[in-house]
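Worksheet: the structure to be examined is printed underneath.
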Amino acid sequence: MKHYFDKKTSLTISMWDFSWLMCGHSGGGFQDLAGCVEQAAERGYNTLRVDVFPHLYLGGEHTFKGTVTRPRILSWGNVTASGGHTVDVRRKVVELSDLCRKHGIWLGLDTWQSEAILRASGKISLGEEEAAARNIANAWVEAIPALRDDGVLERAVWLAPLNEVPLFLGQNLEAVRVSDTKDRHEGMTEWHSDLPELDAIFKKINFW
């Protein structure tokens, strides 16, 4: 396992994605943020992979919409508070950073928010790919100085401008949608079990 730069420390990573912030409401999985960080440290994790919502970092309070009906099975980022969850993104990221500093935990700074940053309806027209990518980069360019001033960067072991690029950006590109089927599926693999009846279940769970 590779060590983190000059720290001679292997990273043990727990992925909290965007749920850590969106599910911080009463009854949510991260309602007790301090307790969650403490428990992560007790379990041996020294790094949390989180979305820091760069496009919202400087915007004050933001409300994440709640689910109309509570899902039978909770998924990532499900806001189960009927009125939604209002939070000051910058304040909560700083709070998380301070808690991690207290427990000797690092942060992997990510974002999954391509459509939110682009404020697009799910399609990037032909010829607009570079401009769209620059919009994502600019969200970080604007947020990074504040992340540095707030002491968040001091806890960071990486910064990923956009997570899972082939999925979260590629699915919005018109160039991909109109491309040849063979090119569009380049690099994709399929999984098949020894029990064919399990395939349908697997594909339903992992619909992407």
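The values are calculated or read from the model by the stated rules, or taken from the named source; none is laboratory data. Because the structure is predicted, anything quoted here is derived from the model rather than measured. Here the Cβ is made from the backbone with ideal geometry for all residues, glycine too, and neighbour counts use every protein chain on show. When the accessible area is computed, the model is the full protein with side chains, heavy atoms only, and any ligands, DNA or RNA have been set aside. Shrake-Rupley method; radii C 1.70, N 1.55, O 1.52, S 1.80 Å.
Structure summary
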{"item": "Solvent exposure ordering (accessible area, 1.4 Å, most first) of 103, 85, 185", "result": "185, 103, 85"}
{"item": "Distance in nm between pseudo-label sites at residue 58 and residue 125 (7 Å out along the Cβ direction from Cα)", "result": "2.8 nm"}
{"item": "Theoretical FRET efficiency, 1/(1+(r/R0)^6), r = Cβ-Cβ of residue 186 and residue 115, R0 22 Å, to 0.05", "result": "0.40"}
{"item": "Projected area averaged over orientations for the stretch 1-121, convex hull of C-alpha atoms, nm²", "result": "9.0 nm²"}
{"item": "Set of the stretch 76-95 residues, backbone N closer than 14 Å to the point 7 Å along the Cα-Cβ line of residue 146", "result": "87-95"}
{"item": "Area of residue 134 that stays accessible when all protein chains are in place (1.4 Å probe, Å², to 10)", "result": "140 Å²"}
{"item": "Two-decimal log10 I(q)/I(0) for the stretch 99-169, as the Debye equation yields it once each C-alpha is a single scatterer, q = 0.14 Å⁻¹", "result": "-0.51"}
{"item": "Accessible area of the stretch 51-151 belonging to carbon and sulfur atoms, whole % at 1.4 Å probe", "result": "49 percent"}
{"item": "For the chain: lysine pairs under 24 Å (alpha-carbon distance), excluding those fewer than 8 apart on one chain", "result": "8"}
{"item": "Largest-first principal axis extents of the Cα set of the stretch 29-89 (Å)", "result": "36, 34, 16"}
{"item": "Check: the chain dipole with +1 on Lys, Arg Cβ and -1 on Asp, Glu Cβ, in debye", "result": "380 debye"}
{"item": "Peptides 62-69, 158-165, 51-58 ordered by average Cβ neighbours within 10 Å, highest first", "result": "51-58, 158-165, 62-69"}
{"item": "Rule-of-thumb Rg ratio for the chain [Cα; 2.2 N^0.38 Å; N residues]", "result": "1.13"}
{"item": "Projected label distance in nm at residue 38 and residue 134, using a 7 Å step from Cα toward the beta-carbon", "result": "4.9 nm"}
